[in-house]
Amino acid sequence: MEESLTYNTTRSQMAIPEYGRNVQRMIEHCKTITEKEERQTCANAIIKIMGQLNPHLRDTEAYTHKLWAHLFIIADFELDVESPYPMPTKEIMVSKPDLLEYPQNKIKYGHYGKLADDWIKAAMKLEDGEEKQFLVNRLANLLKGSYLIWNKNAVDNSTIIKQLDQMSDGKLKADEDSFLETKELLKKFTKYANQNSASDITKKKKSNNNNNNKNKNNNRNKNKNYKKKSY
C-alpha cells in the first residue's frame, strides 16, 4: 500500500497554531463522539494536554478559563460540552473593536504645548485683580522661555504679548515691564533642566549601587555555602 504525502497547504487551517495539529485533530475527534459523558471526558483530557503544551499560561490570570476559551475557538464553537466558564460566542471573536477617539483640540501655537494652553484657559476664568495679573505675567514669561527653547532666536516681548492675546481671545494682556531679560530667562530654564538631569543621574547611581551591593552579598553567600560544603 502506497502512502501519499500530505502538505500543510492541503490541510485545514489551524485556528490557534500554538497548540499544533495533533490537538486540533483531538478536538475534531471529540466533536464526532455521540455520547455526552464520553465527549465531556474527552474534552477534559484535551484541556489537560493543552495546559501541558503551554505551561507559560499558568502564570497568567484565569489560566483554565483561557484554555477552555481556546478549546471552543479551535472547535469553531461547535463542541457541545459543559464548561465551568461561559462559552465565548463567534460574534465576539469576529467583531471589530471600537475606534479610538483621538483628541481634536487645536492649539494655535504648537510650540507652546497643550499644558500652556490649559493654563491660559484657567487664567481666563479668574476674576480681574492683582492675583490674575501676576499669573498672566508669569504665563507670558513661560511662553517666552518656550519660544526661546524651540526657536533658539531672540524674541520681542511684543510678539509674546500679541500671541498671548490671540490665545486668550483678547482676555489676557501681559505687562511690558514684567518680562525677564532673555539671558536671565534662559539661565533659569537651563538651571531647571540641569537639576532634573542631575537628579536622574543620582537616581541611576543609587540603583546601580544597590544592585552592585546585592550582587556582592549574593557572591559572599555563595562562597560561604561552597566552603561549608567543601568541609
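Oblate is the label for segment 1-86. Its Cα gyration tensor axes, ordered a ≥ b ≥ c, give a/c of at least 1.5 and b/c at or above a/b.
Once you sort the root eigenvalues of the Cα gyration tensor of segment 106-150 as a ≥ b ≥ c, which label holds: rounded (a/c under 1.5), prolate (a/b larger than b/c) or oblate (the other case)?
The shape class here is oblate.
Computed about the Cα centre, the dipole magnitude for segment 25-110 is approximately 480 debye when only Lys and Arg (+1) and Asp and Glu (-1) carry charge, each at its Cβ.
In terms of its C-alpha gyration tensor, segment 49-89 comes out prolate, because a/c is 1.5 or above and the ratio a/b outweighs b/c. In this rough spin-label picture, where each label sits 7 Å from Cα along the Cβ direction, the Lys31-Ser158 distance is 8.0 nm.
Sorted largest first by accessible area at a 1.4 angstrom probe radius, with every protein chain in place, the residues Tyr63, Tyr102 fall in the order Tyr102, Tyr63. Phi-derived couplings, Karplus 6.51 cos²θ - 1.76 cosθ + 1.60 at θ = phi - 60°, listed residue by residue for segment 74-81: 5, 7, 6, 6, 10, 9, 8, 9 Hz, with x used for Gly and Pro. What net charge do the residues around Leu53 carry, taking every other residue with its C-beta under 14 Å from that of Leu53, with Lys and Arg at +1 and Asp and Glu at -1? Charge balance in the 14 Å sphere: +4. Summing charges over neighbours of Gln133, with a neighbour being any other residue whose Cβ is under 15 Å away from its Cβ, gives -3 when K and R count +1 and D and E count -1.
Applying 0.36 nm per residue to the separation of Ile73 and Asn151 and subtracting their alpha-carbon distance, the gain on full extension is 22.5 nm. Size descriptors for segment 73-161: radius of gyration and Dmax over Cα atoms are 26.9, 77 Å.
Taking 0.36 nm per residue of separation and subtracting the Cα-Cα distance, full extension of the segment from Lys188 to Glu38 would add 46.2 nm. Near Lys173, once Lys and Arg are set to +1 and Asp and Glu to -1 for all other residues with Cβ below 15 Å from its Cβ, the sum equals -2.
Listed by chain and number, the aspartates and glutamates whose alpha-carbon sits under 18 Å from that of Lys106, ignoring those within fewer than 8 places in the same chain, are Asp117, Asp118, Asp165, Asp169.
The values are calculated or read from the model by the stated rules, or taken from the named source; none is laboratory data. The structure presented is a predicted model; accordingly, all values stated were derived computationally and were not measured. No Cβ is skipped: glycine too gets one built from the backbone with ideal geometry, and neighbour counts run over all protein chains shown. Surface accessibility is based on the protein's heavy atoms, side chains included, excluding ligands, DNA and RNA. Shrake-Rupley method; radii C 1.70, N 1.55, O 1.52, S 1.80 Å.
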